[in-house]
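What follows is calculated from the coordinates using simple rules that are stated; it is not laboratory data. Remember, it's a predicted structure, so these values are computed and weren't measured experimentally. Reconstructed Cβ throughout: ideal geometry from the backbone, glycine too, with neighbour counts over all protein chains shown.
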Amino acid sequence: MVRSGIIYDGENLLSEGSYTQGIKDPYWHLHDENFETPYMTPRLTAEGSVFMGGRDVVSLNGDWCFAIDPMREGLRQRWFEHDAQPIDDWSVPRDYDDGSWQKAPVPGCWTTERDEWLRYEGAAWYSRSFEAAVPTDGDRLILRIGAANAQTRVFLNGAFCGLHLGGSTPFFCDLTPYIQSGENLVMIEVDSTRRADAVPMHHTDWFNHGGLYRDVELVKVPAVHTSHLFVRLTDDGVAVDLTLSSDVDGTAEVDIAGLAKGKIEVRAGAGTTILDCAPELWSPDSLRLYDVTVTYGSDRVTDRVGFRRIERRGRELLLNGRTLQLRGIGMHEEDLDLGKCSDEVEIRRRFAHLKDLGANVARAAHYPHHELVARVADELGILLWEEIPVYWAVAFDNPPTFENARNQLVELIRRDANRASVILWGVGNENADTDTRLDFMRGLVEAARAEDPSRLVTAACLINRETFRIEDRLADYLDVIGLNQYFGWYEPGFEGLKRLLQNSDPDRPVVISETGADAVAGMHGPDTQLFTEEYQAKVLTRQVEIAARADYVVGTFIWLLYDFRTDRRQTKHQRGWNLKGVVAADKTTRKLGFVALARAYQRHFRDAD
Ligand code: GCB
């Protein structure tokens with residue numbers, strides 16, 4: 001194997017050379033600061049998505065070999081090329097030996113794996129082998145990674161397969177060109193370094209967990225396979241959009257069990273049909289899901305889909321034609337033991353708390369949560385706001401940052417397009433109203449609408465502290481205006497909130513997308529004392545009550561369900577935690593605010609009869 005490297009004449013880097021041929025500098029890897037450049041493309045993007053419903057997969061979850069790599073030696077020395085070399089082989093760097101690495105679980109966050117890794121932010125390598133056969137008849141073998149935070153490079157058998165940007169969406173890597181019969185070695189570099197030009201950027205109010213933290217699996221698909229299937233209710237019946245992996249013409253069959261059957265004429269790899277039928281509608285009170293099967297050639301995919309209509313009329317929100325009020329709660333994906341990992345038990349616990357609050361909707365903040373969240377929400381009748389981490393001051397003037405955000409949005413929409421529970425796509429959170437931000441966000445709104453015309457688009461906007469009005473130029477492009485405001489916490493008292501709501505006269509629905517107050521679980525005192533449970537309870541009660549008086553406010557999302565780790569909070573009460581949860585970080589201890597919020601929701605927001 002030829003290992004290319006840098007030829008160095010003692011002073012200057014001359015050119016790409018070879019480590020084994022004509023070695024001028026055996027220490028080339030010490031001098032090459034462009035070591036990332038060969039591994040920036042190909043990019044793993046939504047274009048490579050595979051529709052997963054109903055497919056057989058081989059799980060690669062389990063213990064992987066693992067090492068942190070703060071100096072980026074894995075790329076500099078090309079560790080992925082050297083596997084299976086004995087460590088007394090003189091031709092390879094002697095800094096690497098993945099067989100003897102420690103084991104780390106996948107899915108898993110290294111930040112919660114060992115105390116000394118809690119604040120390790122940087123690159124780390126995962127490696128494991130698996131058995132496979134070289135696909136025949138044009139079949140493809142695809143690796144799917146549910147999510148890895150935040151920048152991920154995949155290598156198979158020494159070859160670089162692609163780079164994915166973004167820490168919360170699934171991505172796909174076609175391994176077919178590199179697969180060999182028998183044992184294969186996959187190595188994955190996950191880099192959790194925060195960056196100013198990434199999405200999110202380096203400054204956030206949550207903890208930066210690193211890891212390959214969602215499922216990793218292999219799926220074999222035919223040469224022509226379903227990349228995306230989108231099934232939704234329209235005025236004329238059920239629309240089925242099919243996108244195939246290549247530009248073929250043909251006919252696909254669609255079957256919605258107990259409801260309708262039909263054909264989809266596919267031209268240049270895409271087709272739509274509208275099935276004239278009237279499904280029983282899905283709603284939080286009626287959890288009807290239909291089994292949908294689509295077959296194209298030898299490719300057969302399935303999904304369980306609920307049909308419902310979400311729309312806005314003037315300043316109202318309507319679900320299946322009836323007024324909808326959102327009794328909401330924000331959630332992070334964060335766990336004392338699991339970090340960013342979620343499993344079904346954890347997800348069901350969140351939703352059990354949500355139901356106990358009398359809430360009907362969750363804001364899955366501030367990035368795409370585990371895909372099971374929307375599946376379980378479909379099954380339990382909980383509505384969802386899902387969003388991408390365009391949070392605070394992302395590099396709005398940087399086109400690659402926009403492309404990264406757009407790609408994450410499309411990856412999220414393709415993943416959850418068939419989930420009835422998802423009613424809102426959130427495209428941003430608290431971004432200052434500048435010209436570049438407006439262009440950036442308009443682009444995202446357009447991308448969301450192009451990908452999914454059936455849902456509403458929102459963003460969490462800032463209040464204008466000078467005019468006390470809802471005044472964000474982005475509002476004109478949204479279906480629902482989200483408003484983050486913290487009267488009673490960052491702003492003294494509630495008069496400002498009343499003024500703001502009275503001064504404003506939006507032409508579309510508004511939701512309070514965040515409000516709340518920190519409380520130390522177990523700290524009691526008068527309801528005038530900050531950080532007590534009593535004070536938090538008062539803020540939540542007042543907030544819900546005042547917001548409900550404005551007829552254009554169609555709901556509130558309290559910030560938030562559980563206390564969470566965040567390094568930017570360093571008061572004596574917080575010490576690295578945001579304490580706005582109505583439940584403590586143990587996910588068990590309910591604060592007084594929990595009961596207060598449940599009461600306020602019951603009193604002020606009712607479902608339409
Ligand atoms: C916000 C942010 C959220 C923070 C929250 C807070 O406005 O959107 O991410 O955690 O305030 O607690 O201050």
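For region 553-578, what are the residues that are touching a residue at least 60 places away in the same chain (Cβ under 8 Å) and touching a helix residue (DSSP H, G or I) at 6+ places or on another chain (Cβ under 9 Å)? Matches in region 553-578: G555, T556, I558, L561, Y562. Filtered by the rule that a residue be in contact (Cβ under 8 Å) with a residue 24 or more places away in the chain, under 23 Å from D299 (Cα atoms) and not in a loop (DSSP other than H, G, I, E, B), region 171-222 gives F171, F172, C173, D174, T176, V216, E217, L218, V219, K220, V221. Is it the case that region 183-203 has a residue that's closer than 30 Å to F307 by Cβ and surrounded by 20 or more Cβ atoms within 10 Å (Cβ to Cβ)? No: zero hits.
Restricting to region 452-468, give me the number of residues that are within 16 Å of the ligand (Cβ to nearest atom), outside any strand (DSSP E or B) and buried (at least 20 other Cβ atoms within 10 Å of the Cβ). Break it down stepwise before answering.
To start, the set of residues in region 452-468 that are within 16 Å of the ligand (Cβ to nearest atom) comprises 458-465.
Subsequent filtering for residues that are outside any strand (DSSP E or B) retains 462-463, 465.
Filter once more, keeping what is buried (at least 20 other Cβ atoms within 10 Å of the Cβ): 463.
Counting residues in region 452-468 that are within 16 Å of the ligand (Cβ to nearest atom), outside any strand (DSSP E or B) and buried (at least 20 other Cβ atoms within 10 Å of the Cβ) gives 1.
Would you check if there is a residue in region 523-530 being within 16 Å of the ligand (Cβ to nearest atom), within 30 Å of G428 (Cβ to Cβ) and not small (G, A, S)? Give the steps one after another, and end with the answer.
Of region 523-530, the ones within 16 Å of the ligand (Cβ to nearest atom) are 530.
Filter once more, keeping what is within 30 Å of G428 (Cβ to Cβ): 530.
Checking the rest, the ones that are also not small (G, A, S) come to 530.
Yes: one or more hits.
Of everything in region 469-487 that's assigned to a loop (DSSP other than H, G, I, E, B) and within 24 Å of the chain's Cα centre (by Cα), which residue is nearest to the ligand (Cβ to nearest atom)?
From region 469-487, those assigned to a loop (DSSP other than H, G, I, E, B) are 470-472, 478-479, 485-486; that's our starting set.
Among the residues that remain, those that are also within 24 Å of the chain's Cα centre (by Cα) are: 478-479, 485.
Details: L478: 16, D479: 20, Q485: 9 Å.
Top of the filtered list is Q485.
Return a yes/no flag: does region 283-299 have any residue that is out of contact with any Lys or Arg (no Cβ under 9 Å at 6 or more places or on another chain) and of a type in the set (F, W, Y). Checked against the condition, which is being out of contact with any Lys or Arg (no Cβ under 9 Å at 6 or more places or on another chain) and of a type in the set (F, W, Y), region 283-299 yields at least one hit.
Which one is surrounded by the fewest Cβ atoms within 10 Å (Cβ to Cβ) among residues in region 380-398 that are farther than 30 Å from T41 by Cβ and over 20 Å from the mean Cα position of the chain (by Cα)? Outline the logic, then answer.
Kept after step one, since they are farther than 30 Å from T41 by Cβ, are these residues of region 380-398: 380-385.
Next, only the ones that are over 20 Å from the mean Cα position of the chain (by Cα) stay: 380-381.
Working: L380: 16, G381: 18.
Step by step, filter region 380-398, then rank; the result is L380.
Restricting to strands (runs of 3 or more DSSP E) lying wholly in region 296-347: which have 1 or more residues that are away from the ligand (no atom under 16 Å from the Cβ) and out of contact with any strand residue (DSSP E or B) (no Cβ under 8 Å at 6 or more places or on another chain)?
Values: elements: 299-305, 310-313, 316-319, 326-331.
Correct list: 310-313.
Restricted to region 430-443, and to residues there that are of a type in the set (D, E, K, R) and either within 16 Å of the ligand (Cβ to nearest atom) or surrounded by 21 or more Cβ atoms within 10 Å (Cβ to Cβ) (or both), the residue that is nearest to A198 (Cα to Cα) is R437. Cβ-Cβ contacts under 9 Å between residues 6 or more apart (or on different chains), taken from a first residue in region 579-597 that is at positive phi and free of Cβ contacts under 8 Å to residues at least 40 places away in the same chain to a second residue that is outside any loop (DSSP other than H, G, I, E, B) and within 16 Å of the ligand (Cβ to nearest atom), are absent.
Taking each residue of region 490-506 that is under 21 Å from K580 (Cα atoms) and looking for partners that are buried (at least 16 other Cβ atoms within 10 Å of the Cβ) and among the polar types (S, T, N, Q) with beta-carbon atoms closer than 7 Å, six or more apart or interchain, yields L497/Q485.
Sort through L212, L233 and tell me the only one that's away from the ligand (no atom under 16 Å from the Cβ), under 16 Å from G339 (Cα atoms), surrounded by 21 or more Cβ atoms within 10 Å (Cβ to Cβ) and not small (G, A, S). Give the derivation first.
Working: L233 fails: under 16 Å from G339 (Cα atoms).
From the options L212, L233, the qualifying one is L212.
Looking only at region 377-388, which residues are closer than 20 Å to D197 by Cβ and either in contact with a Ser or Thr (Cβ under 7 Å, 6 or more places away or on another chain) or more than 13 Å from the ligand (Cβ to nearest atom) (or both)? Across region 377-388, the qualifying residue is only I388. Would it be correct to say that L597 is assigned to a helix (DSSP H, G or I), surrounded by 24 or more Cβ atoms within 10 Å (Cβ to Cβ) and within 14 Å of the ligand (Cβ to nearest atom)? No, not satisfied. For region 350-371, the set of residues classified as under 20 Å from the mean Cα position of the chain (by Cα) and either assigned to a loop (DSSP other than H, G, I, E, B) or surrounded by fewer than 18 Cβ atoms within 10 Å (Cβ to Cβ) (or both) consists of A365, H366, Y367, P368, H369, H370, listed by residue number. In the set (1) away from the ligand (no atom under 16 Å from the Cβ); (2) part of a helix (DSSP H, G or I); (3) crowded, with 19+ Cβ neighbours inside 10 Å, the condition left unmet by R449 is number (3). For region 399-422, the criterion of being more than 15 Å from A198 (Cβ to Cβ), within 16 Å of the ligand (Cβ to nearest atom) and crowded, with 21+ Cβ neighbours inside 10 Å is met by no residue. All conditions in (1) within 16 Å of the ligand (Cβ to nearest atom); (2) farther than 30 Å from V305 by Cα hold for V427, with the sole exception of (2).
Restricting attention to region 183-209 and to residues that are among the β-branched types (V, I, T) and within 16 Å of the ligand (Cβ to nearest atom), the residue that is nearest to Y562 (Cα to Cα) turns out to be T204. Selection over region 567-590 of residues that are polar (S, T, N, Q) and away from the ligand (no atom under 14 Å from the Cβ) gives a count of 2.
Hey, can you tell me all the residues within region 488-509 that are within 16 Å of the ligand (Cβ to nearest atom) and of a type outside the set (S, T, Y)? Scanning region 488-509 gives G488, W489, E491, P492, G496, L497, L500.
For region 88-129, a residue qualifies if it is crowded, with 16+ Cβ neighbours inside 10 Å, assigned to a strand (DSSP E or B) and not hydroxyl-bearing (S, T, Y), and the qualifying residues are A104, P105, V106, A123, A124, W125, R128.
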